[in-house]
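To start, the structure under review is shown below, and the notes come after it.
The values are calculated or read from the model by the stated rules, or taken from the named source; none is laboratory data. Quick caveat, the model's predicted, so the values are computed rather than measured. Positions of Cβ are backbone-derived with ideal geometry, glycine not excepted, and every protein chain shown enters the neighbour counts. The protein model used for the area step is the full one, side chains on, heavy atoms only, and it has no ligands, DNA or RNA in it. Shrake-Rupley method; radii C 1.70, N 1.55, O 1.52, S 1.80 Å.
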Amino acid sequence: MTAALPSDALLDEMKRLHPLLIDLSLDRITDLLAKLGDPHLQLAPVIHIAGTNGKGSTAAFITAMLEGAGLRVHRYTSPHLIRFHERISLAGANGTTAPIDDGTLVDVLSRVRSANGDAPMTFYEITTAAAFLAFAERPADAVVLEVGLGGRLDATNVVPHPAVTVITPVAMDHMDKLGDTLDAIAGEKAGIIKRGSPVVCAPQADDARRVIAARAASAEAPLIEWGVDFDAHIERSRLIYQEGDVLLDLPQPGLRGRYQTVNAGVAISAVRQFASRTIGEAAIADGLQNVSWPARMMPVTEGPLRSALGADDELWIDGGHNPSAGQAIAEALCDLQDQG
């Protein structure tokens, strides 16, 4: 059992005080951030990621590739796997991004709680403000920012001028909050697109693609599309990435599953948009191999569940939780069986 930390009681208190009551505007989070000195306006260049599936894996690939180029990276993701600290990762002195330490987390949460007072605020808004505060006060070269839900009204969408926005595959999920059609959901995801900021778009169904393309055009945001401007595929156990006249022959992604080829290709396009002059082939290859994102098609090789199985049995875990993710997991399991 994981030992309790000082932040655990503070986080539990905030969950009780701030139940999940979504505000259909960004006014609350904007007002809170103003009381904190607008830390979201003091961040390193931001790569903002929305989509239904693949956001976390894409964020992990981008982080690893930027680190491969020697850049310092802060990262915000949700939900966490084991402990809340995983959501807020800070660039370390050794150049490796790591979960926020408990002392720093208690500090920023306490300051946010004090600034907010008794104002209504969701737990997610409170903790997003804490992440912005931590990121603004520590040096970094980039911030990788994953949307929690939707995009247009997500608390992360207060960043006015991201360096790059990314939209991973859009599918049916959270219909009670985002809409019951694919184009409605895509409209919420496309809400992160900002005027003039490049948009890297993963493969999409036609309805979603039309909405995203229209939003990019109205914002005069350059649209970089999978299958139009770039592509990636596995060939002879190598990842082949093509973008115009650029052809990269790279190692296979360190994350398993056919769908990770898409996530890796989108990540490569994003980092090339972010800093093509400093993100070379070696850094991209390093990121592909050294990426870490637990519980995504991950084999379980020890522990009580594994011990209960036979010697020839296998145990895998994945965090997919909607029909589109289920299909991707099924394809990955079929591939494993074919390889076996």
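Odds and ends about this structure:
- When region 26-50 is limited to residues that are closer than 17 Å to residue 197 by Cα and part of a loop (DSSP other than H, G, I, E, B), the one that is most open to solvent (accessible area, probe 1.4 Å) turns out to be 45.
- Across region 199-233, the number of residues qualifying as exposed (fewer than 14 other Cβ atoms within 10 Å of the Cβ) and within 28 Å of residue 290 (Cβ to Cβ) comes to 2.
- Listed here are the strands (runs of 3 or more DSSP E) enclosed by region 57-152 that have at least 1 residues being out of contact with any helix residue (DSSP H, G or I) (no Cβ under 8 Å at 6 or more places or on another chain) and crowded, with 18+ Cβ neighbours inside 10 Å: 88-91.
- When 277, 306, 258 are screened for being among the charged types (D, E, K, R), in contact with a Leu (Cβ under 6 Å, 6 or more places away or on another chain) and at pLDDT below 85, only 306 passes.
- Screening residue 269 against (1) surrounded by 13 or more Cβ atoms within 10 Å (Cβ to Cβ); (2) outside any loop (DSSP other than H, G, I, E, B); (3) modelled with pLDDT under 95 leaves a single unmet condition, (3).
- Single residue of region 1-58 satisfying the filter (hydroxyl-bearing (Ser, Thr, Tyr) and within 30 Å of residue 272 (Cα to Cα)) that is modelled with the lowest pLDDT: 52
- Residue in region 194-207 that is modelled with pLDDT under 95 and under 21 Å from the mean Cα position of the chain (by Cα) present: yes
- Only one entry of 212, 284, 240 meets the criterion of being modelled with pLDDT of 95 or more and within 26 Å of residue 95 (Cα to Cα), and that entry is 284.
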